[in-house]
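Colleague: If you scroll down you'll find the structure; I have some questions about it.
The values are calculated or read from the model by the stated rules, or taken from the named source; none is laboratory data. Worth saying up front: this structure is predicted, and the values here are computed from it rather than measured. Heads up, the Cβs are rebuilt from the backbone with ideal geometry, glycines too, and the neighbour counts pull from every protein chain shown.
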Amino acid sequence: MYKTKKGGNIMLNLNELKVILEEWFTKIETEDNIPDDIVGINIGIIKKSDYRYKFYLTGAKKFNYWDDNWACIVDYEPKNKTLDIPVEVASGIIWCEFLDYLENILLEIKEKHRNYKLFNIENMTFGFDTGSLVYIGNLQHNLNCC
């Protein structure tokens, strides 16, 4: 547990968050059949009013690296589409810091479970519904080209 500048509490247990996410991805991998025509996976994040987080996973048959609206097209939803993160694991942390920690965790999980079909889909993003998506897919893009 950390203390904020205003004296509030921040809960962030990175190891527990990683375990919870790995279990969720494993459940999706073993219980769902991701269609072969899915080319983009998005892990959406919703910040609840009490600073807790909820994740959801969707897939799309089309992907556009330059336009995050591709993630609004839902062609695939697993049975276990959503995941509530317990308050004792992550709460009260500033959203941008949370994204930084989450990116590292997701990249570690992808590397560990690189045999999962879920992690072999060409494009993967994550982010808050109200913000930009962070790309953690398999393609290498030259962001300086435009």
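Colleague: I'd like the full set of residues that are among the small types (Gly, Ala, Ser) and either part of a strand (DSSP E or B) or free of Cβ contacts under 8 Å to residues at least 12 places away in the same chain (or both), limited to the range 55-83. Don't jump to the end; show me each part of the working.
Modeller: Within the range 55-83, the subset among the small types (Gly, Ala, Ser) is 59-60, 71.
Within the range 55-83, Gly59, Ala60 meet the criteria.
Colleague: Another question about this same structure. Can Asn69 be described as more than 12 Å from the chain's Cα centre (by Cα) and of a type in the set (S, T, N, Q)? Break it down stepwise before answering.
Modeller: On the way: more than 12 Å from the chain's Cα centre (by Cα): yes; of a type in the set (S, T, N, Q): yes.
Criteria met by Asn69.
Colleague: Assess whether Ile41 counts as being modelled with pLDDT of 90 or more, out of contact with any Phe, Trp or Tyr (no Cβ under 6 Å at 6 or more places or on another chain), surrounded by 19 or more Cβ atoms within 10 Å (Cβ to Cβ) and not in a loop (DSSP other than H, G, I, E, B). Please lay out each step first, then the result.
Modeller: Working: modelled with pLDDT of 90 or more: yes; out of contact with any Phe, Trp or Tyr (no Cβ under 6 Å at 6 or more places or on another chain): yes; surrounded by 19 or more Cβ atoms within 10 Å (Cβ to Cβ): yes; not in a loop (DSSP other than H, G, I, E, B): yes.
Criteria met by Ile41.
Colleague: If you don't mind, another one. Which condition breaks for Ala60 when tested against (1) surrounded by 12 or more Cβ atoms within 10 Å (Cβ to Cβ); (2) at pLDDT below 95; (3) more than 22 Å from Asn13 (Cβ to Cβ); (4) of a type in the set (A, V, I, L, M, F, W, C)?
Modeller: Evaluating Ala60 over (1) surrounded by 12 or more Cβ atoms within 10 Å (Cβ to Cβ); (2) at pLDDT below 95; (3) more than 22 Å from Asn13 (Cβ to Cβ); (4) of a type in the set (A, V, I, L, M, F, W, C) leaves (2) as the failure.
Colleague: Specify the residue that is nearest to the chain's Cα centre (by Cα); the eligible residues are those in the range 110-130 that are in contact (Cβ under 8 Å) with a residue 24 or more places away in the chain and surrounded by fewer than 19 Cβ atoms within 10 Å (Cβ to Cβ).
Modeller: The residue in question is Phe128.
Colleague: Look at Asp75 and say whether it is touching a Ser or Thr at 6+ places or on another chain (Cβ under 9 Å), over 13 Å from Phe25 (Cα atoms) and modelled with pLDDT of 95 or more.
Modeller: Details: touching a Ser or Thr at 6+ places or on another chain (Cβ under 9 Å): yes; over 13 Å from Phe25 (Cα atoms): yes; modelled with pLDDT of 95 or more: yes.
Yes: the conditions hold for Asp75.
Colleague: To continue, here is another question. Determine the pairs where a residue that is within 17 Å of His113 (Cβ to Cβ) and surrounded by 15 or more Cβ atoms within 10 Å (Cβ to Cβ), located within the range 1-30, has a partner that is among the polar types (S, T, N, Q) and at pLDDT below 80 with Cβ atoms under 8 Å apart, the partner being 6 or more residues away or on another chain.
Modeller: Filtered contacts from the range 1-30: no entries.
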